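Report on the structure given below.
The values are calculated or read from the model by the stated rules, or taken from the named source; none is laboratory data. Small disclaimer: the values here were computed from a predicted structure and weren't measured. Positions of Cβ are backbone-derived with ideal geometry, glycine not excepted, and every protein chain shown enters the neighbour counts. Just the protein is used for accessible areas: all its heavy atoms, side chains included, with ligands, DNA and RNA removed. Shrake-Rupley method; radii C 1.70, N 1.55, O 1.52, S 1.80 Å.
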Amino acid sequence: MSIAGEVATAGTPGLRVVRRPRRGLIFAIVSIALFMASMDQTIVATALPALEKDLHTGVNWTGWTISVYALGQVIAMPMAGKISDMYGRKKVFMISAAIFTVASLCCGFASNMPMLLVPRFIQALGGGAFMPSATGIVSDHFGEQRDRAVGMFTSIFPIGGLVGPVAGGLFVSYWSWRGIFLVNVPIGIVLIAATAKFIPASARRPSSRIDVTGVALLAAMLVPAMFGITYLGSGQVPLYSPVFLGCEAVAIFFGLLFVRHSRTDAAPFVPYRLLSGRGFGVMNLINFLFGAAALGFGALVPLYAQQRYGIAPLGAGTLLTARAVGMIAVAGLATMALRRTGYRLPMVAGFLILVAGLIMMAAPPWFSMAQLPVQAWLAFGAAVTGLGMGLSVPSANNASLQLAPEQVAAIAGLRGMFRQAGSITAVSVTTAVIARSAHPGMAQAHVFLVFAALLLLTLPLMRLVPEHRGGW
């Protein structure tokens with residue numbers, strides 16, 4: 001029986017016609033959720049100076065609107081994978097959409113930074129739960145084509161990345177930063193209605209309790225680490241500040257407890273076998289460094305354009321649009337070619353192209369023999385980084401999934417957790433550096449070169465990436 005079609009049994013007495021929704025419609029519905037989540041990763045980036053001015057705070061604190069969103073996703077992604085297995089993927093998907101929509105509404109009416117960060121964190125919990133539940137829904141309905149369907153998620157995120165910065169620039173330029181959150185409300189309502197009507201309920205899978213202790217330990221590790229780094233950017237705070245050192249010591253302590261808990265607990269939040277070993281361990285490290293270099297970089301591009309070159313918010317936002325266009329240009333082809341290329345080759349090639357784009361973004365326009373205008377030069381560099389991401393991400397998405405296909409939702413959440421943890425680290429460190437620097441734009445340029453170096457350091461690890469050709 002084909003899931004894509006319908007089974008006609010009208011000619012058989014006593015039986016009725018059983019209709020199943022088309023796979024394309026299911027993919028389109030979950031793509032709306034991924035679009036919203038990806039759009040909110042970039043739409044805020046163009047509004048950081050406006051938030052700084054309107055809410056009377058520093059860039060190291062407005063940067064928390066990016067970091068706290070990533071933090072919520074880090075916590076939600078692995079947990080949502082297990083919860084979707086326990087209670088059904090459709091139900092978790094719909095609840096996630098409702099949380100995301102209500103929290104977006106609250107963000108839009110915030111009057112100070114704490115009142116913005118709390119619902120922003122809750123919004124991220126909903127957005128972070130989208131990917132594991134969506135991956136599980138698509139995996140259930142696409143059978144042998146699920147590797148390509150999951151790979152096509154790579155094209156959804158750059159679409160959100162394409163729309164987000166432009167929308168953010170438009171809202172900031174012609175209305176208010178509040179519009180970047182309120183725009184999610186009508187989209188969320190449509191998503192909830194479409195899910196309820198067209199996506200069939202999924203079977204529950206036997207699972208154990210939810211590991212609240214593991215979730216709490218992970219949050220206890222990340223929050224003080226973020227706060228300590230952000231505090232370091234508040235004025236001329238020295239590196240030996242007791243507050244900074246104390247926060248980082250607390251983060252390390254809870255990090256060790258988290259790893260110990262994963263090893264000893266009967267049903268941990270993140271199973272230890274998914275954290276270590278040649279397969280999962282290598283991919284987790286690569287995903288962390290990729291998140292720092294690629295996702296962290298993307299969140300900071302509009303701020304860089306505004307602070308170094310004085311480009312207006314709308315123009316700065318279009319730089320991320322150029323990156324999204326580059327990503328879309330190759331993501332579909334890279335996905336379709338996975339069964340022939342395997343995983344290692346596109347990852348190596350994509351990371352090298354991404355390194356080239358980062359170097360171009362950090363270099364001044366005169367680096368080009370063509371003497372391009374500043375905005376054209378930056379757009380070209382951003383598009384090159386998008387090409388690298390579009391080539392490498394489909395293979396990186398599937399490399400760990402094929403190690404344990406029966407845990408696809410949990411592994412998708414874990415992958416997102418490490419990427420967002422890398423992004424949190426990169427954004428927190430960079431905004432702290434910017435706040436302490438007399439020349440913020442140049443400081444960011446140097447950070448981009450550090451990101452490029454991080455990606456080069458991952459290349460020796462590629463030979464340890466689980467290789468595979470064909471479906472999983």
Does A251 qualify as being open to solvent by less than 40 Å² (accessible area, probe 1.4 Å) and touching a residue at least 12 places away in the same chain (Cβ under 8 Å)? yes
Select, from F130, F100, the only residue that is under 30 Å from E52 (Cβ atoms), modelled with pLDDT under 90 and either crowded, with 24+ Cβ neighbours inside 10 Å or touching a strand residue (DSSP E or B) at 6+ places or on another chain (Cβ under 9 Å) (or both). F130
Applying the selection to the range 301-322, what residues are surrounded by 24 or more Cβ atoms within 10 Å (Cβ to Cβ) and either under 16 Å from V433 (Cβ atoms) or free of Cβ contacts under 8 Å to residues at least 24 places away in the same chain (or both)? V301, L303, Y304
The residue that is farthest from L48 (Cα to Cα), considering only those in the range 409-422 that are at pLDDT 80 or above and not basic (K, R), is F418
Candidate set from the range 424-436 (those that are modelled with pLDDT under 80 and among the small types (G, A, S)); member that is farthest from the chain's Cα centre (by Cα): A435
Residue hits (the range 221-244; modelled with pLDDT of 80 or more, in contact with a helix residue (DSSP H, G or I) (Cβ under 8 Å, 6 or more places away or on another chain) and either in a loop (DSSP other than H, G, I, E, B) or open to solvent by 30 Å² or more (accessible area, probe 1.4 Å) (or both)) are M221, V223, S241, V243, F244
Would you be able to tell me the number of residues in the range 413-458 that are over 30 Å from S96 (Cβ atoms) and not polar (S, T, N, Q)? 24
Looking at the range 49-61, which of the residues that are closer than 20 Å to G298 by Cα and modelled with pLDDT of 80 or more is least open to solvent (accessible area, probe 1.4 Å)? L51
Could you tell me which numbered condition L345 fails, if it satisfies all but one of (1) open to solvent by 20 Å² or more (accessible area, probe 1.4 Å); (2) under 18 Å from the mean Cα position of the chain (by Cα)? (2)
